[in-house]
1. Filtering segment 193-226 down to residues that are over 24 Å from Leu245 (Cα atoms) and among the hydroxyl-bearing types (Ser, Thr, Tyr), which residue is surrounded by the fewest Cβ atoms within 10 Å (Cβ to Cβ)?
2. Scan segment 132-162 for residues that are part of a loop (DSSP other than H, G, I, E, B), over 15 Å from Leu106 (Cβ atoms) and among the charged types (D, E, K, R) and jot them down.
3. Go through (1) on the phi < 0 side of the Ramachandran plot; (2) at pLDDT 95 or above; (3) out of contact with any His (no Cβ under 7 Å at 6 or more places or on another chain) one by one and return the number of the condition Glu184 breaks.
4. One residue is enough: does segment 108-131 have a residue meeting the conditions within 16 Å of the chain's Cα centre (by Cα), at pLDDT below 95 and not in a strand (DSSP E or B)?
5. For segment 168-183, does any single residue satisfy the condition of being within 14 Å of Glu201 (Cβ to Cβ), of a type outside the set (Ser, Thr, Tyr) and not in a loop (DSSP other than H, G, I, E, B)?
6. Name the residues in segment 130-159 that are touching a helix residue (DSSP H, G or I) at 6+ places or on another chain (Cβ under 9 Å) and closer than 17 Å to Asp87 by Cβ, would you?
7. Hey, does segment 105-115 have a residue that's crowded, with 23+ Cβ neighbours inside 10 Å and β-branched (Val, Ile, Thr)?
8. Between Asp213, Asp218, Asp195, which is out of contact with any Ser or Thr (no Cβ under 6 Å at 6 or more places or on another chain), at pLDDT 95 or above and of a type outside the set (Ser, Thr, Tyr)?
Amino acid sequence: MNVGGSAFLGVGLAVLFGCGGTDFVRDRGDARPLDASQEWLTESTAKPTALASTLVKTGTRRPELFRNTYYDFPSEGEGARKAKVFDAECKPIADVTQEFHDRVCLQGSGKLRTGETISFAKRDCACALECPKSGQKICFEKLDPKKFPSGRGALGQPVTPLRTVAVDDEVIPLGATLYIPDYEGLARPNGSQHDGCFLAEDRGSKVVGTHIDIFTGDPATTKTWNQAVPSNVGVRVEVDSPRCLHLKSGAAR
């Protein structure tokens, strides 16, 4: 869910799920600036590297270094409702606070004050307000909050905090499992320790090349994880590691 790597099996899926994929730009969760030694992590990695392309063909699972960032799921708070969100046909969905609008147009999905979930449906909507940080005009779709409590990913399925990762699907195929040892042992909100396993279930137009964007689901968790593993430091990623097979069955999400 966003508007806003390299390990590498198979060919990435190329089709968005209807109008509700996550091909948009989002903020990067307190991303820290890169230093001169990390030039390989810049936006110039717009296409899969030669290394990534080779790994896709060979099917190797050797971990490689990816740029790491975070995104979450904003909830509308109290305040004057001076902004509007619209659906793909430019019909009003709801009046919302300006703060919520400015966050959800970057993150891609969010929860209205009513408890309803909205998720990205379409860009370049003439009726929509311009997103301050991206310059884009985003329309949304109202979703069933029971089925999509944290929004929807590029495969049309619910996304899961601290399991879902947005990827460039020309480098990592959607649906792949990812083992990222740098996150193994980090605390989850329920007090358990993370096993380092994730699912490639989302994408964003700013997630390109060797870049993974982890869905935290909550701004507080974004802050905590960003302190433990700062954005843009680079993390090792292994695609379809045997230790993450349990996620293929939908268990232990």
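1. Thr224
2. Let us first name the residues in segment 132-162 that are part of a loop (DSSP other than H, G, I, E, B), namely 132-136, 138, 144-151, 153-157, 159-162.
Those still in the list that are over 15 Å from Leu106 (Cβ atoms) too: 144-150, 153-157, 159-162.
Answer for segment 132-162, where residues must be part of a loop (DSSP other than H, G, I, E, B), over 15 Å from Leu106 (Cβ atoms) and among the charged types (D, E, K, R): Asp144, Lys146, Lys147.
3. (3)
4. yes
5. At the first step, the residues of segment 168-183 found to be within 14 Å of Glu201 (Cβ to Cβ) are 168-169, 172-178.
Pick out the ones that are also of a type outside the set (Ser, Thr, Tyr) and you get 168-169, 172-176, 178.
Next, from what is left, pick out any that are not in a loop (DSSP other than H, G, I, E, B): 178.
Checking segment 168-183: at least one residue is within 14 Å of Glu201 (Cβ to Cβ), of a type outside the set (Ser, Thr, Tyr) and not in a loop (DSSP other than H, G, I, E, B).
6. Step one: list which residues in segment 130-159 are touching a helix residue (DSSP H, G or I) at 6+ places or on another chain (Cβ under 9 Å), which gives 130-134, 136-138, 140, 151.
Across segment 130-159, the qualifying residues are Cys131, Gln136, Lys137, Ile138, Phe140, Gly151.
7. To start, the set of residues in segment 105-115 that are crowded, with 23+ Cβ neighbours inside 10 Å comprises 105-110.
Those left that are additionally β-branched (Val, Ile, Thr): none.
Within segment 105-115 (the criterion being crowded, with 23+ Cβ neighbours inside 10 Å and β-branched (Val, Ile, Thr)), the answer is no, since none of the residues qualifies.
8. Working: Asp213 fails: out of contact with any Ser or Thr (no Cβ under 6 Å at 6 or more places or on another chain); Asp218 fails: at pLDDT 95 or above.
Exactly one of Asp213, Asp218, Asp195 is out of contact with any Ser or Thr (no Cβ under 6 Å at 6 or more places or on another chain), at pLDDT 95 or above and of a type outside the set (Ser, Thr, Tyr), namely Asp195.
The values are calculated or read from the model by the stated rules, or taken from the named source; none is laboratory data. Computed from a predicted model, the values in this text were never measured in an experiment. Heads up, the Cβs are rebuilt from the backbone with ideal geometry, glycines too, and the neighbour counts pull from every protein chain shown.
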